[in-house]
Every structure is written in structure tokens, then in C-alpha cells.
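Heads up, the thing below is written out as C-alpha cells.
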Amino acid sequence: MIRKIFVELAFPGDSAWTDISALVLDKSWTIDRQAFNDEKKSTLDKFTCSLKFDQTILSKIRAAEERIGIRVKDLDGNPLFFGAIEPAVSHETSDHIGDIAIEAADNSWRLDDKIKTTRQMPANVTDAGFYIWNPADQQHSICHILLTEAGYTEAEIDGSLSDLRQIEMVSVEAEASTYREVLDTLLMEHELVLHAKPDGTLTLLSWRPAAITATIDKNSLSTVKPFRFENRFDKRDGAKITWAQPEIIPDVLVYRENLPVDENGVFTGEAIAAGDYFPKDSDIEDIYQSYVENWLDRPYLARETRIKNKDLTLIATSEPRLFYDADDGITPDIAEFEYKRAHIRFINNASETKKIYNFEIKANVLIRKKIGITKASPLGTETDLLEYTSQYIFDSTAADALAQALAFDALAEEQYSFGLNEIIEIGSRVRIIEQRNGTDVEAIIQKTRLSGESPVNEYEAVQFLYEGNLQLNHDYSLGNQIWPPYDYQQVVQRLEDVSRVFYDQPVGPYKRGDLWISNGILYQSKETRGTGEFFDSDWEWCIRSNLTTIIESTNGDVFKPGENTTTTLIARCFRNGIEITDTLPDSAFRWTRVSRFPQQPPNDDETWNYNHASGYRTVEVTTDSIYARATYKVEILE
């Protein structure tokens, strides 16, 4: 634990820091850190303390008209907190003079300001996308551009890391959002979150860390604060991501002014008095022309299709060009272009009334041509998927990664709290072992509290799941490779690729490619149907020249820790769509097991595989026979 801290304040206008360490009441201070919230977005770390009454300090806080800087260090000079105090204070006096309460937010506070400048990155829709975080090329680094505009110096932005993934387009509008809102969404969609270090440097954390950095067990867990786990109830069993499949269209109409026309479709024009402006009243208020999508669906407008593209959405524009038809003397005196609107104003410079007949704007555009949908269902069920619509994902690779990350996060049911004497950085991936209640999990440190009152540092962590540490998984394989095998270990699959196996008459929803076993015959669906639907004509005899082997589990494929559960895995084999399981000798079945965490003999995989190399049509699996997670496969030998 940290028994003593040093606290300094930087008052507006002062050239030096003011040391107030002697005024801090010993047990009054706390530092609350949080890596991310439940939505995987950034939060403000907080420092609070109480000061002994000091008239000079109270007066300086009351007089401040800007935020007051604050930094906190331990006895060795290591930073614990850096941020700012809002220039607001309350104080009470009665029969005694009260303490001075201090509350500070970390150095990310500027991110809550509104964005100052409308911009799109890149400026040209045909240019390469900008990097997420690239200190070596800050002019093309989205985070550096926005953080610099928010008021951060280069020294306040972490230069020791980079993320060179390129985002096809990021558009922001002045005053429409805060810097935090834009950056949080962008980073969350790429498994990152922005955070302020204890020294005030802004850096990136991953909410899906790649590796374990510490093991927490009985040797490090404090007995002062009990170890506690909570199991949340959540029906989510996967994730569904909606994303934009983009397309660039050059030189397309994005705006046309609605000016008068006659019965023959000829523009008759709008009169503008001498010295006056168009649009009307544009000299006393700013009037903008918002771009529309009516002219972007070229196949529909050209009658190449009768179906209007309802997915089409304008994302960004570049190289706008203004075209107009007007009498001599009328010219544009304002022509400003943004990525989704323009500010155009015409003036009549003539000494008499003139007309403007037409004006329009063309540009190169980036559109969402089609909505992409990616699902992740690690348990093979889709009862209640977490649905998310992305703003900055434009390719299947990024959609796959986010779907997988959100799916496993939705399945993580446990949260943990405990105390340690040591400091572990928030956002760290750790292994927690508490043998007395059967806990052996991977988790992410989400929150920490350092306090002058608590004898230990307090932590909260959330369970970290991935394909390798689900408790039990099953697989199937093909006897030969004439047809390539499906990979059931692949967590993320396209909507059209996800297959299911029905053992009773199917009731929708089912999709093309799903399998149905009926009276020893294997059928495959050629159609996709909605909830409650079934048509016998949808199902065709699944004729394949090779062997297709499916593994059934009598009691599911996920065991909860601490439960005494047993299941039987049954192999069923088909050739040309007809079940031949009963015609095969026992010696044809060879089972293998791959454990996530290898065990010592005689419970190791090598021994288990040797014992099940032949002679077993079924195998029994119990909670005690596996450690955390194991994958079972069966191969048919002919």
C-alpha cells in the first residue's frame, strides 16, 4: 500500500507548483482508476482528498477562473495522478472551521470539449485512409490530429506506441460531438480505448489484451479484503455487427437548387433585386445547402434495376464543383464546401433586377453501397445476439474482429474484486487463481482504488474469454478431403456461412446450408426461412462422396465451473447423405482430445488419445476430466 503521498497544485498565472502535501489529511485521499466502462469506452480517473483549512489555499481556489493543475506522487517520486481541478469549491463553517474538499479529473478532461473544426480524414475520398495512431506521421494520424486540436502537446501524447491500421474515412462536424465521443467510438470498434497515464500522458489500452502479464494467487491475494466473485445473468450468446461496404463514385450530383420551372421543364428563374442576395435572407443568416442522396443510386436512375438501393448512404465527399446558370451580374460571393453540405450565396452586382435559373453541386463521393452483417456465436446459438452498428468499419476483417471480441465479452459472466499490496496497471490481462472456491480464470483489471484509508490496493476485474478457454468445445471432421471441412473452431462466420444441425423437424429460423438428420438420412437446406417457417421442399438429400462425421453431445458443450456434470459424445457418420454409423466396426473410430491447459500424466492428452485411438463409438466427458477447456474430434478410419 501507499502510506504517504505528495500533492502539488498549479494555480493559473503561477510560474511554479504549490506543494500542499502537509495539508492533506492522511486517510482522506483516494485515487480511482478505470480502464474502460461497460461499453468499452473511456472514463475519467478521479483523485479526491480533504485538506486542513488554509486561508491562502482556499482564497486561491476561490479566485481561480481556470482549471487548477494537480499532480500526485508517492514517496519515491513516482507519478500516481495528473489532472485538473475545476475552479469551484465549497466550504462550511459552524462551531469549527471545516476541511477543504478537493476533487480532480485526469488529464483527459479536454476531450469533453466540443470539436472545433469540421473535417474529414482523408480530405479526398480517393486517398488512402488515415492511421489510427502514428507518432511518426502525425499529419495522417487520426488520434494525433484530434488530440492536438483539443489542446494537447506532443509531449502529452504517447509516442512509444503506434497502431498503423488505416481507416477509410472519418468525418467530424464542428460542435456536433465531443472529442471523446468520436475517439471513443473509433477506438472501441478496433478493440482500443484512450486513457490518461498517472503522469498525464494520453495512451491507448486494449480491451482485448494479447497476453497475460501477471498471475494473482494465494501468495499475492490480501487477506484484509476478501476475494469475491459475482456471476451476472445475461442471455447474450454472441454478437452481430452491422457495417458499411463502401464505394467511390466520381463526379456525381449531390445538390440541385429547387428553382421555378414551366410546364415544359424549362427553368424560368428566380428574380434577385439589384444588390440583393440569393438564397433569400442569406445576408442576415447563414443558409446551407445539405447534400442529398437522390442522385447517387445510378443503377436505379438509369433503370438498370427496378429496386431502389435502400442501403445507400452518403459518407463523405471531395473535390466539389459549383455549376450555375444566371443573368450577367449575378455571381457567387460565398462558396464554402464541407463534406456533407455547402454554404453558397449569390449576389446581384447589377443595377437592375436579374435572374438565377439553376445551380447545382457535383463532387466525388464515398457512399455506403451495401450493409454488411457479420455474426459471432461461439456457442453455436443465436438466441439473443448483442447488436452493434459501426461508424468506422468498412471491411470484413475489422468487422470479424469486433464481432468476435464483443461475442466473447458478452459471454464473460463473472466479475472479481480483491486486494493486493502491489500495484498492477489497469487494463492488464491477468490469471487469477483462488483454489478454495475453484477459481482459475483469466481476467482484465478494469478498476483500481488506491486509498490512504485502506491497508491494501483494491481491484475489480472482469472475466476474459476467448476461443481457447471456453470450458468445453466439440468439433467434427471429414474422413477425406474431397470436400473441405467446416472449421467449427472458427468463431466468426459470415451470416450466410453459419450452419446448424437439426435432429428433429426444423422450425425456422434456418439458413441455406443448415443440416437435418431424419431417419438416418442427411439433408441440407437450399433456402433461408424466418422464425416459425418450414417447407419440406427446402431440404435436399445431402449427397457427398466422402464421409461426413457429426458429433452429438447428450448434455451440451459448456460446463459451468464447480458443477459436477457429465456428457456423452456420440459420433455419427454419413456417406452420400445416408447414415452408415452402424455398419462401421468399433475399430474405425479414432478420438483425439486437445486441452487448452495441458495436464500431467495420466490425465494428459497423449495418454487419453492413446487409450481412445480405437474401439470407442462414444466417449464420456466429465467436469473432472478436463481443465478449463478441451476440444474433441473423431476421425473415421477405413
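The values are calculated or read from the model by the stated rules, or taken from the named source; none is laboratory data. Keep in mind that what you see is a predicted model, and the values were worked out from it rather than measured. Positions of Cβ are generated from backbone atoms using ideal geometry, with glycine treated the same way; all protein chains shown enter the neighbour counts.
Inclusion of Ala407 among residues that are more than 18 Å from Gly269 (Cβ to Cβ) and small (Gly, Ala, Ser) is warranted.
Okay, residues lined up against (1) in a helix (DSSP H, G or I); (2) within 25 Å of Pro198 (Cβ to Cβ); (3) under 26 Å from the mean Cα position of the chain (by Cα); (4) free of Cβ contacts under 8 Å to residues at least 40 places away in the same chain:
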| residue | (1), (2), (3), (4) |
| --- | --- |
| Ala101 | no, yes, no, no |
| Lys116 | no, no, yes, no |
| Asp137 | yes, no, yes, yes |
| Tyr152 | no, yes, yes, no |
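Tell me which residues, restricted to segment 33-43, are buried (at least 18 other Cβ atoms within 10 Å of the Cβ) and not basic (Lys, Arg). Give the steps one after another, and end with the answer.
Quick first cut of segment 33-43, residues buried (at least 18 other Cβ atoms within 10 Å of the Cβ) only: 33-36, 40, 42-43.
Result: Gln34, Ala35, Phe36, Ser42, Thr43.
Scanning segment 295-327 for residues that are loosely packed, with under 14 Cβ neighbours inside 10 Å, over 15 Å from Asn364 (Cα atoms) and either touching a helix residue (DSSP H, G or I) at 6+ places or on another chain (Cβ under 9 Å) or at pLDDT 95 or above (or both) returns Glu304, Thr305, Arg306, Ile307, Lys308.
With more than 19 Å from Gly129 (Cα to Cα) and surrounded by fewer than 17 Cβ atoms within 10 Å (Cβ to Cβ) as the only criterion, which of Ile361, Ile371 stands out?
On the way: Ile361 fails: surrounded by fewer than 17 Cβ atoms within 10 Å (Cβ to Cβ).
Step by step, each of Ile361, Ile371 is checked, and only Ile371 is more than 19 Å from Gly129 (Cα to Cα) and surrounded by fewer than 17 Cβ atoms within 10 Å (Cβ to Cβ).
The condition of being within 17 Å of Pro198 (Cα to Cα) and either more than 31 Å from the chain's Cα centre (by Cα) or at pLDDT below 95 (or both) holds for only one of Arg33, Arg67, Arg110, Arg71, that being Arg71.
Contact map, segment 617-638: residues that are assigned by TED's automatic domain parsing to the domain that holds Arg590 and over 21 Å from Ala588 (Cβ atoms) paired with residues that are charged (D, E, K, R) and modelled with pLDDT of 85 or more, Cβ distance under 6 Å, separation 6+ or inter-chain. Pairs shown: Ala630/Arg593. Selection of segment 171-181 for residues being at pLDDT 95 or above and surrounded by 18 or more Cβ atoms within 10 Å (Cβ to Cβ) yields Tyr179, Arg180.
Here's the yes/no breakdown for (1) out of contact with any Gly (no Cβ under 9 Å at 6 or more places or on another chain); (2) surrounded by fewer than 13 Cβ atoms within 10 Å (Cβ to Cβ):
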{"position": "Trp207", "(1), (2)": "no, no"}
{"position": "Lys225", "(1), (2)": "no, no"}
{"position": "Arg232", "(1), (2)": "yes, yes"}
{"position": "Asn264", "(1), (2)": "yes, yes"}
{"position": "Thr268", "(1), (2)": "yes, yes"}
{"position": "Ala273", "(1), (2)": "yes, yes"}
{"position": "Phe278", "(1), (2)": "yes, no"}
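Just so you know, in segment 329-346 the residues that are part of a strand (DSSP E or B) and either β-branched (Val, Ile, Thr) or within 20 Å of Ala271 (Cβ to Cβ) (or both) include one that is farthest from the chain's Cα centre (by Cα), and it is Ile330.
A quick yes/no check of all residues on (1) assigned to a strand (DSSP E or B); (2) within 26 Å of Ser141 (Cα to Cα); (3) in contact with a strand residue (DSSP E or B) (Cβ under 9 Å, 6 or more places away or on another chain); (4) among the acidic types (Asp, Glu):
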residue	(1), (2), (3), (4)
Lys27	no, no, yes, no
Arg33	yes, no, yes, no
Ser42	no, yes, yes, no
Phe47	yes, no, yes, no
Phe53	no, no, yes, no
Ile57	no, no, yes, no
Arg62	no, no, no, no
Glu65	no, no, no, yes
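Exactly one of (1) over 37 Å from the mean Cα position of the chain (by Cα); (2) part of a loop (DSSP other than H, G, I, E, B) is unmet by Ala22. Its number? Among (1) over 37 Å from the mean Cα position of the chain (by Cα); (2) part of a loop (DSSP other than H, G, I, E, B), the lone unmet condition for Ala22 is (2).
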